[in-house]
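See structure below.
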Amino acid sequence: MRYLPHTPEDIATMLKEVKIDSLEGLFAHIPQDCRRKEALDIPAALTEWELNDHMDEMAHTMATAPEYRVFLGGGSYRHYVPAAASFLAARSEFVTAYTPYQPEVSQGTLQAIYEYQTLTAQLLGMEVANASQYDGASALAEAMLMAIRVSRKKTVAVSRAVHPMYRRVLATYFEPTEFNIIELPYLSDGTTDIGALRDMDDLGGVAVQSPNFFGCMENLEAIKSSLPDKKSLLVVCFSEPLAYGLYKSPGHSGADIACGEGQSLGIGPTFGGPGLGMFAAKMKYVRNMPGRLVGQTVDKEGNRGYVLTLSTREQHIRREKATSNICTNHSLCALAAVIFMASLGGTGFKELARLNYDKAEYFKGALQQAGFKLSFSQPTFNEFVVAFPDGFEKTYQELLHKKFIAGLPLVDFYPELKNHYLLCATETTARDDMDALVKEIVQ
Amino acid sequence: MKDTLGTTGLIFNESLLWEKGKKGRRGFSLPRRDVPEHAVAKKLEGPGPDFPDLSEVDVVRHYIRLSQWNFSVDSGMYPLGSCTMKYNPKTNEVQAARPGFAHAHPLLPQHLSQGALQLIYELEQYLTEITGMDATSLQPAAGAHGELTGMLLFYAYHKSKSAPRSKIIVPDTAHGTNPASAALCGYRSVPIKSNERGVLSPQAVEEIMDTDTAGIMVTNPNTLGLFEENIKAVADIVHAKGGLVYGDGANMNAVMGIVNMGDLGIDVLHLNLHKTFSSPHGGGGPGSGPVCVGKHLEPFLPVPRVIKQKNRYVLSEDFPESLGKIHAFYGNVGVMIRAYSYILSMGPENLKKASQLAVLNAAYIKERLKGTFHLPYDRPCMHECVFSDKLQEPYKVTTLDMVKRLMDYGFHPPTIYFPLVVPGAIMIEPTETESKEDIDLFIESMKTIAREAKENPELLHAAPCKTKRKRLDETLAARKPCLTG
């Protein structure tokens, strides 16, 4: 086996040194009733050729562009990743390193993550960002636990227009705790109904997503001013951070914590993971933040360098009193994101955001012209909801045969939204493809 | 030593991104615009981020230079205890990069995503078999996430018996993630000391196990690199009081094909695909932390689960007792692809051989360094061995000094000051992918350092001297946090 370098002579010499007569003998101290008797029942080893064929066959069953015209968003977005960005993020010095516990030999990862923290904080309009969480869902769950820690209250409110799967993960995290989650309904324009907030007691935080699951921008300033208590935190979640190249960032709209999914920033969808949990907050809350932080310092000779810092919040020091149990995060995805942001620059980021917006607006217009109604009136970014007539389900299935994936049926997540579909267009969606889809639907 | 791996070479200085940007540069090609501009709601419009503008060449040089400041498995031996820094096969990267996988949207109709579902299904089967458990969920995104899932399983199980419990037993040798994960589920950790042999004693567990204790978290082999020889007796005691046994599988690399975790009485076990199953660590993730369970805990696993109906793979939510979702979608599929590719490349014989050679490498290091360094538990070790700096104390040289010096010799330091039960611990896990020559060189370097400690301790206090940066001021970083530029 090419990954195992030992020759029979090596093994013999080493066994002799440890005074054991066989490889099996290395395990003689394990009690007999703990030893496995039978061989592992998994497939026999494949050659690299066989593996390539097998994986190629499996990969080919997946419906992806350009063979399929895919208009899906809903928390995972198809964006172009520049060749230079994917090349750099695949550098094995980054890929095959461990968490940078030994800073003298990890300055590459450390400086890159420091840059990621800086650009993330800037993008989200916040003062401090951590080195990453697993995904948008775990970032939201950790944000709500942090809101509880900061406010010392026991209840959080979450908009129903937050990604349904994020809300399910949040519910899982809260299940064994004594804390409560109250769901806020959405209004007919696609934004969150905050009417109930005023009467809420013991509210530690309110989470809304903007752009929300329907693609609609929330009126964040209005929500911030409706918080019943100065101690309640506004948590702004997102699944499409590219939107902040066009719209006001969470921080500029009053967010205390901004968190969400950063897959859009140079990371392939890969069937939902790994993504990038982005997490940022106001500096005054930094000691309550979960996750790793990289900070600037100097070395013995006075040269600028970077280290993991404020680790007294973390599990390896604080054990059960830590702010979170997170250890391994999504560092390589954070690296991919900062390379992507650096490649775009501020100018490119805004241009790309604008193009996404314009594509989706064109798509909306084409569908409206064909006689379909938008479900919500609130401005959107690169995805939106369309109300199709009864019986569209059948059309949707027929379109699948023609290799069109006409968005995401919302009825699975919102029973009241039968015939409503979430459609997405990014810079990778050609006008011809949108026109072709509209034409097919009308037929 | 005449020739060491570590040397000085031409390393470039490189400033921060924003110190080199210039308006008017770009490193990105936008697609040709085929739609008109549309007005934006003024009330919502923002200024956008003020990132530096760089050319493609700027960005490439910047990150290539940064990459050269990193130590990595691809450049040398990385004997970090409990981290299993084995070689990360390159074919795994090729498999994960296939467009069918890398570009697949997670909400595709199920009949159009059969390949990914099949991969998840089969990998769960393989891991179930390798651990000797009954069922697996790949949803957790990292080891600590798997631990949290494990604790949620404990919680769901006890709740289903209408008897929630409030405590959990955690040995003093456990990773910090263990008590932190338990705390997230509201469990109060009850610490338990390992005995003079470095393992758990059934009597100690008997004394504290009661009907308000949800169970115990055990790492086996433990973080001293020792097999928990009393594990079955411990499990019996915990089970007798209605508790469950959690296995931290961070050290599974020692026992593939050698021990069935299910036979030991373990009810839940998490794995780290980025340790045992060769997916790269990425400078701190992404990993993947599947949980494997016994039959009695299967109903509580996260949903959706991939099941096989006739010849189709289907995502099923039909598990009413499930703890719910722990990841937005199905977990870190990109990492799963790498682990799947590794398992298929290895096959059953080589997986077992990997564990044998991992243990051989550790035992060989233990044997050859014992005497040079203090070995607190001189017993047969598994895939890692733990020394301390006790013999160097007279020269006022610490573990930290010695491992910093190891960098100058071209090796990544071992894990240090962990487990906490060994003061000044040096925890060495070579893994099976290091050759005898590399291990011999590592041993020689360690011996040279021990000699230097005696003869020239200043050299060690000043180490490392060949790295890009010298020792960094961590106190300053924490006292005056500078977290953004």
- Task: Describe numerically, in nm with one decimal, the distance between label points set 7 Å from Cα along Cα→Cβ at B:Ser435 and at A:Ala370.
- Result: 6.2
- Of all DSSP beta bridges in the protein assembly as shown, antiparallel share, percent nearest 5: 55
- Task: Project the alpha carbons of segment B:132-274 onto their principal axes and report the range along each, largest first, in whole Å.
- Result: 37, 37, 26
- Per the Kirkwood definition applied to all pairs of different Cα atoms, how many angstroms is the hydrodynamic radius of the protein assembly as shown? 28.2
- With a Förster radius of 45 Å, plug the Cβ-Cβ distance of B:Lys370 and B:Glu19 into 1/(1 + (r/R0)^6) and report the FRET value to the nearest 0.05. 0.35
- Task: For segment B:381-417 and segment B:419-474, compute the distance between their C-alpha centroids and round to whole Å.
- Result: 5
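From Cα pairs below 8 angstrom and at least 6 apart in sequence, can you work out the relative contact order of chain A, rounded to a whole percent? Could the numbers behind the result be given before it?
Working: 790 pairs, mean separation 88.7, N = 443.
Taking the mean separation of contacting Cα pairs over the length of chain A, I get 20 percent.
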- Task: For segment A:388-393, take each phi angle, set θ = phi - 60°, evaluate the Karplus expression 6.51 cos²θ - 1.76 cosθ + 1.60, and give the result in whole Hz per residue in order, putting x for glycine and proline.
- Result: 8, x, 3, x, 5, 3
- Query: Over the C-alpha atoms of chain B, what are the Rg and the largest Cα-to-Cα span, Dmax, in Å?
  - Reply: 25.0, 77
- Query: Among the DSSP beta bridges whose two residues both lie in segment A:190-297, what percent are antiparallel, rounded to the nearest 5?
  - Reply: 35
- Note on the structure: Helix-only [θ] at 222 nm, the protein assembly as shown, -39500 (n - 2.57) per DSSP H run of 4+, per residue, nearest 500, equals -10500 deg cm²/dmol
- Square roots of 5 times each gyration tensor eigenvalue, C-alpha, chain A, largest first, Å: 41, 31, 23
- Item | Residue-count net charge about A:Asp358 - beta-carbon cut-off 12 Å; Lys, Arg +1, Asp, Glu -1 | 0
- Note on the structure: Diffusion coefficient in µm²/s returned for segment A:83-340 by Stokes-Einstein, Kirkwood Rh over C-alpha pairs, 20 °C and 1.002 mPa s, is 116
- Query: Which is the longest stretch in chain B that no exposed loop site breaks, taking sites as trypsin sites (Lys or Arg not before Pro) with a DSSP loop state and at most 14 other Cβ atoms within 10 Å?
  - Reply: B:44-160
- Task: Express in whole angstrom the spacing between the alpha-carbon centres of segment A:30-83 and segment A:249-325.
- Result: 30
- Size of electric dipole in chain A: Cβ of Lys, Arg +1 and of Asp, Glu -1, about Cα centre, debye, nearest 20: 1440
- Starting from the Cα coordinates of segment B:92-344, work out the convex hull volume and express it per residue in Å³. 120
- Message: What distance in nm lies between label points placed 7 Å from Cα along the C-beta direction at A:Lys394 and A:Asp412?
- Response: 2.2
- Using the structure shown, list the pairs from A:Lys16/B:Lys404; B:Lys370/B:Lys454; B:Lys161/B:Lys308 with a Cα-Cα distance above 23 Å, or answer none. A:Lys16/B:Lys404; B:Lys161/B:Lys308
- For segment A:226-287, which trypsin sites (Lys or Arg not before Pro) are in a loop by DSSP, counting at most 10 other Cβ atoms within 10 Å? A:Lys230
- Note on the structure: The aspartates and glutamates whose Cα lies under 20 Å from the Cα of A:Lys402, excluding any fewer than 8 residues away in the same chain, are A:Glu67, A:Glu393, A:Asp432, A:Asp433, A:Asp435, A:Glu440
- Taking Cα centroids, how far is segment B:261-293 from segment A:418-443 in Å? 41
- Message: Counting other C-beta atoms within 10 Å, and keeping those with at most 15, which DSSP coil trypsin sites (Lys or Arg not before Pro) do you find in segment A:77-175?
- Response: A:Arg152, A:Lys154
- Item | Convex hull (Cα only) mean projected area of segment B:349-470, reported in nm² to one decimal | 7.7
- Task: Please determine, in degrees from 0 to 90 and to the nearest 10, the orientation of helix A:431-442 with respect to the longest principal axis defined by the Cα atoms of chain A, where the helix direction is its Cα long axis.
- Result: 60
- Loop sites in segment A:400-443: GluC sites (Glu not before Pro), DSSP, at most 13 other Cβ within 10 Å: A:Glu416
- Task: Work through the residues other than A:Arg69 whose Cβ is under 13 Å from its Cβ and net out their charges, Lys, Arg +1 and Asp, Glu -1.
- Result: 0
- Inter-chain shielding metric for A:276-286, i.e. average beta-carbon neighbours from other chains within 10 angstrom, reads 1
- Tally Lys/Arg at +1 and Asp/Glu at -1 over every other residue whose Cβ is under 15 Å from the Cβ of B:Thr91; what's the total? -1
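Every number in this text was worked out from the coordinates using simple rules, so none of it is lab data. As the structure is a computational prediction, the values presented were derived from the model and not from experiment. Glycine also receives a Cβ, built like all others from the backbone with ideal geometry; neighbour counts cover every protein chain displayed.
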